[in-house]
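The values are calculated or read from the model by the stated rules, or taken from the named source; none is laboratory data. All of these numbers come straight from a predicted model, not from anything done at the bench. All Cβ positions, glycine included, derive from the backbone under ideal geometry; neighbour counts span all protein chains shown. Side chains included, ligands, DNA and RNA excluded: accessible areas come from the protein's heavy atoms. Shrake-Rupley method; radii C 1.70, N 1.55, O 1.52, S 1.80 Å.
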Amino acid sequence: MKNELHTFLTESVYMGVMLTLGTYSIGLWLKSKTGWALMNPLLVAVVLTICFLCVTGMSYTSYVRGADVISYMLTPATICLAVPLYEQIEQLKRNFRAVVIGIAAGVLASMASILALIVLLNMDHVSYVTLLPKSITTAIGMCVSEELGGSVPVTIMVIVITGITGNIFAERFLHMIKVREPIAKGIAIGSASHVIGTAKAMEMGGTEGAMSSLSIVTSGVLTVIAASVFASLA
């Protein structure tokens, strides 16, 4: 019986999906019960999944084989963020120039900060291009990293960490530096912490969520264009 249970845990193609949804649900429950920012559902899911794999001996390969179904939905889920943007289309038209400039500034600030970090820490070129797409959605960031010769798994990890950090701290940070304008909040969160941060922006309000959704797409496109230029600088 014990061997059969172990076989199911380590070889079942459904285990990855069950584990992902289960740990994320636990994260949602903990967040609703505690209200703590650190109880981010994605962060909780990551920690619990790692613990589960270590305790059961389930290989990462087996987990990914089942969880690929969820990964496949990443791009369609990102596209769905166009809905809140459409609902705020009039606001976007009125502030179009400020929005475009704000997003462009966010992309340049993100890539310039990585360049400064690489120079300061004297890191190699592979590390540099691996970190460059840290603030864009995973689907685009993976392609940018691979094209530039970076380490795609590390890029994914950095993108997730960036998103979780934005989700947890963005609202408090914006309040601390006295940013009050909803459009500015949304652009800042979306251009810095992509989809995961946008989930927080949507909690803050419709305008914040819509502008953050726009920032995800636009930041991704601008990063694809600018990454090759920045990659040649170090």
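General observations
- Residue by residue, the range 203-214 carries 3J(HN,Hα) couplings of 5, 6, x, x, 5, 4, x, 5, 5, 5, 4, 4 Hz when phi is fed to the Karplus relation 6.51 cos²θ - 1.76 cosθ + 1.60 (θ = phi - 60°); x denotes Gly or Pro.
- Most mobile listed residue (103, 159, 140) in the chain, GNM with C-alpha springs under 10 Å: 140
- The 3J(HN,Hα) values that the Karplus relation (6.51, -1.76, 1.60; θ = phi - 60°) gives for the range 143-148 are, in residue order, 5, 4, 4, 5, 5, 8 Hz. Gly and Pro appear as x.
- Exposed chymotrypsin sites (Phe, Trp or Tyr not before Pro) absent - longest run of the chain, DSSP non-H/G/I/E/B, at most 16 other C-beta within 10 Å: 37-234
- Entries of 33/134; 31/200; 93/134 with Cα pairs more than 20 Å apart: 33/134; 93/134
- 3J(HN,Hα) along the range 219-234: 4, x, 5, 5, 5, 4, 6, 7, 4, 5, 5, 5, 4, 7, 8, 8 Hz, from the Karplus curve 6.51 cos²θ - 1.76 cosθ + 1.60 with θ = phi - 60°, whole Hz, x for Gly and Pro.
- Relative to the dominant Cα principal axis of the chain, helix 60-72 is inclined by about 50°.
- In degrees, nearest ten, helix 15-34 long axis to first principal axis of the chain (Cα): 60 degrees
- Under a 5 Å amide H cut-off, with hydrogens placed 1.01 Å from N, residue 135 pairs with nothing among residues at least 5 apart or on other chains.
- Within the accessible area of the chain, the carbon and sulfur atoms contribute 71%, probe 1.4 Å, all protein chains present.
- Contour minus Cα-Cα distance for residue 156 and residue 109 (0.36 nm per residue): 14.9 nm
- Computed about the Cα centre, the dipole magnitude for the chain is approximately 620 debye when only Lys and Arg (+1) and Asp and Glu (-1) carry charge, each at its Cβ.
- To the nearest ten degrees, helix 2-11 and the longest principal axis of the Cα atoms of the chain are 30 degrees apart.
- Accessible surface area normalised per residue over the range 77-234 is 50 Å², counting heavy atoms of protein chains with a 1.4 Å rolling probe.
- If R0 is taken as 35 Å, the Cβ-Cβ distance between residue 90 and residue 61 corresponds to a FRET efficiency of 0.10.
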